[in-house]
Amino acid sequence: MKRQILQVASLSALLLFLAVQLYMIRSIWQQKEETILMRYTNLSREGLNLLLAKKKTNGFEKAMEVTDKFAGYLISDELPNLSDNHDTLSLSALARKEITSILYNNEMLTEFLRSYIGRAGYNKDFKSLIAVSKLEFLTPLGSMVLSDTTYEAPPENCLLVNTFREEHNNFIIEYHYLIDLTRMNDMVFREAFLSLLLIIASTIIVFLVFWFTWRNLMEERRLSELKSDFINNMTHELKTPLSTITVAGKTLTKKQIISEPEKVIETAELIGKQSIHLNQLINTILEVSYLERTEFELDRHKVVIDDLMHDIVTSFLTSCNGCAEIEEDYNTDGLSISADLVYLTTMINNLLTNAVKYCDKDPVIRISTSTDTNFMDISVTDNGIGISREHLDHIFEKFYRVPHGNIHKIKGLGLGLYYVRRIATAHGGDVSVTSKSGRGTTFRIKLPI
Ligand code: ADP
């Protein structure tokens, strides 16, 4: 419960941290955007004032001259020929378009501002925008309004530098001069780069540290569960022979048994057998702790695989009183490999023992050998209870046992397959498993030739 609360709390803290980082990124971005807009507004207005003060012009002098001539031509040559309202409208649209283009092509302000802003050390990669809001022709018959649009807020990333109103011989014009910061995002990114980099890097580091800690915590939890399972199993395994020995010992002290020598021998043999079993268990545990501390030391000899397999099968069947039907299919043609005979025998014996242990019907086992170019395979297939997918990845781990309801029903310490893998890898090979729940299992050992 405490651990769960801790997990939920740490996950929430992580999410909160992420939210704060995102918020900070957004604020920094907005702040930089505002700073850039403000900087360009100030610089462009300063530039315009400088132009006005120094050269007594706003940079549209030539544009106004050309526009005046163009307006004069329209008034004298085109207006008298207008026949209806439709004509007036199309002339009005044409004039507006043409005059806007005259303004763009003849103004000097943009060039001046570019060099002014460039000299101040900032990016001069911007476009100008001219929006005509009012246009009137001064004809001999009076003023003629060609265009009268209300000016709305500037488009995104555009800043208003100034609104000009000019009166000339043939026309009156009102227009807005704007700067369009087309590469605004690039500019913001460049200026905010370091802060963004620091935020992102620190977020990644925090996530990685969190992930590693979380993984270690989970692994520790799993190991501590395995450990307590192992201690339970071990206690159970040790208690069984011990209690048999205790009972047998008590029996031997009874007077009436002394008169029956066969019973005395039988009980003594039982004590002997259980002592051997106890000894084996203790040795297994000691061996594991020894193997953890040292590397496997193999006593290698040339071993003819098919012969060895057959010998192992025969002695296994003898020792378990023919507890299984074993089919043998050897195909390595007298091939011999360099291996440790004792470890190899232990490995195959563990697989055969498991095949019998984890079988709920009459055990039928198939043991086969084959060769590849550089490797040879030993397969042990059984018709047992099988192993489900979720456990398959763990069965070679130390102390791991698949929970079968009552785990004590089938004895074991979860070390057999751990040994199998360690012995296989010590020989330069490996072991793999395929299994289907309820259908049986195949263990495949690969050893280098
Ligand atoms: P133990 O047999 O002592 O539990 P092992 O390391 O030999 O330990 O096996 C680990 C687990 O793998 C066992 O608990 C068992 O559930 C499963 N297992 C091993 N061999 C087989 C098999 N042939 N068929 C089904 N399950 C098996």
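Things to note:
- Segment 80-153 and segment 197-263: distance between their alpha carbon centers, rounded to Å: 88
- Cα-based radius of gyration for segment 1-79, normalised by 2.2 N^0.38 Å, reads 2.56.
- Grouping the Cα pair distances of segment 181-281 into 5 Å bins from zero gives a pair-distance distribution of 2, 10, 10, 9, 7, 6, 6, 5, 5, 5, 5, 4, 4, 4, 4, 3, 3, 3, 2, 2, 1, 0, 0 percent in increasing distance order.
- Cα shape, the chain, gyration tensor, a/c 1.5 rule: prolate
- Angstrom value of the Kirkwood radius, inverse mean 1/r, which spans all Cα pairs in segment 118-223: 19.2
- Area of ARG222 that stays accessible when all protein chains are in place (1.4 Å probe, Å², to 10): 70
- Share of Cα-Cα pairs in segment 339-449 lying beyond 16 Å, as whole percent: 58
- P(r), alpha carbons of segment 1-154 - 5 Å bins starting at zero, rounded %: 2, 7, 11, 13, 11, 10, 9, 7, 6, 5, 4, 4, 3, 3, 2, 2, 1, 1, 0
- Solvent-accessible heavy-atom area per residue, rounded to whole Å², over the chain at 1.4 Å: 59
- Peptides 230-243, 100-113 ranked from most to least packed, by the mean per-residue count of other Cβ atoms within 10 Å: 100-113, 230-243.
- Cβ-derived FRET efficiency at R0 60 Å, SER195 paired with ALA426, nearest 0.05: 0.65
- Helical segments meeting 20 Å axial Cα length and Kyte-Doolittle -0.5 threshold in the chain (DSSP H): 2-55, 85-106, 184-253, 261-293, 305-319, 341-357
- Solvent-accessible area, 1.4 Å probe, carbon plus sulfur percent, for the chain: 57
- The distance from the alpha carbon centre of segment 363-438 to that of segment 1-73 is 66 Å, rounded to a whole number.
- Inter-site label distance for THR139 and ILE258 at 7 Å from Cα along Cβ, in nm: 14.8
- Annotation for GLU156 and LEU6: the two label points, set 7 Å from Cα along the Cα-Cβ direction, are 4.7 nm apart.
- Pair LEU16, ASN232: separation of 7 Å Cα→Cβ label points (nm): 3.7
- Residue-span extension gain [ALA53 to HIS301] - 0.36 nm each, minus C-alpha spacing: 79.0 nm
- For the residues PHE70, PHE171, PHE193, a 1.4 Å probe over the protein chains yields an accessible-area ranking, largest first, of PHE193, PHE70, PHE171.
- Here THR88 sits with roughly 40 square angstrom of accessible surface, probe radius 1.4 Å.
- Nearest-20 debye value, segment 296-386 charge dipole, Cβ charges on Lys, Arg, Asp, Glu: 220
- Estimated FRET transfer efficiency (PHE207, ASP186; beta-carbon r; R0 30 Å; 0.05): 0.60
- Within straight-line cross-link reach of LYS357, lysines at Cα separation under 23 Å, skipping those fewer than 8 residues along the same chain: LYS227, LYS239, LYS273, LYS398, LYS409, LYS411, LYS436
- Expected 222 nm ellipticity per residue - DSSP helices of 4 or more, -39500 (n - 2.57), all of the chain, to 500: -20000 deg cm²/dmol
- Percent antiparallel among DSSP beta bridges (both partners in the chain, rounded to 5): 90
- Most to least accessible of ARG39, ARG190, ARG96 (protein chains only, probe 1.4 Å): ARG190, ARG96, ARG39
The values are calculated or read from the model by the stated rules, or taken from the named source; none is laboratory data. Since the structure is predicted, the reported quantities are computational estimates derived from the model, not experimental observations. Heads up, the Cβs are rebuilt from the backbone with ideal geometry, glycines too, and the neighbour counts pull from every protein chain shown. Just so you know, the surface numbers come from the protein's heavy atoms only, side chains and all, with ligands and any DNA or RNA stripped out. Shrake-Rupley method; radii C 1.70, N 1.55, O 1.52, S 1.80 Å.
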